[in-house]
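I have placed the structure first, in the form of structure tokens, so that the comments after it can refer back to it.
The values are calculated or read from the model by the stated rules, or taken from the named source; none is laboratory data. Predicted model only: the values in this text are computed from it and were never measured. Note that we place each Cβ from the backbone using ideal geometry, even for glycine, and neighbour counts take in every protein chain shown.
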Amino acid sequence: MKRFEFALCLFVAGSALVFAQATATINGRVVDPADAVVPNAAVTVTNLATGVARESTTNAEGLYSVPALTPGNYGVKVKVQGFD
């Protein structure tokens, strides 16, 4: 019976490692050249290896967040009307 319990513990511990997935979040704050926050800016975060893009919009404080990203290198672009 002890062998069964030991094997069961090993199985449960091993399966937790198999189902673990690493994700990350990119957070930021968009400001203009005068350090004023930029609300409602369109933020695009693109995985440079796959080309997969995710979008977000800044809030009233200029903050944005893009959660649940797979590990990799990302590029971040911001578009705001009136800024080129």
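Among the residues in region 46-53, are any under 16 Å from N27 (Cβ atoms) and surrounded by 13 or more Cβ atoms within 10 Å (Cβ to Cβ)? The answer is no; no qualifying residue exists.
Here's the yes/no breakdown for (1) at pLDDT 90 or above; (2) of a type in the set (V, I, T); (3) in contact with a strand residue (DSSP E or B) (Cβ under 7 Å, 6 or more places away or on another chain):
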{"site": "A24", "(1), (2), (3)": "yes, no, yes"}
{"site": "V30", "(1), (2), (3)": "yes, yes, yes"}
{"site": "V37", "(1), (2), (3)": "yes, yes, yes"}
{"site": "T46", "(1), (2), (3)": "yes, yes, yes"}
{"site": "E55", "(1), (2), (3)": "yes, no, yes"}
{"site": "F83", "(1), (2), (3)": "no, no, no"}
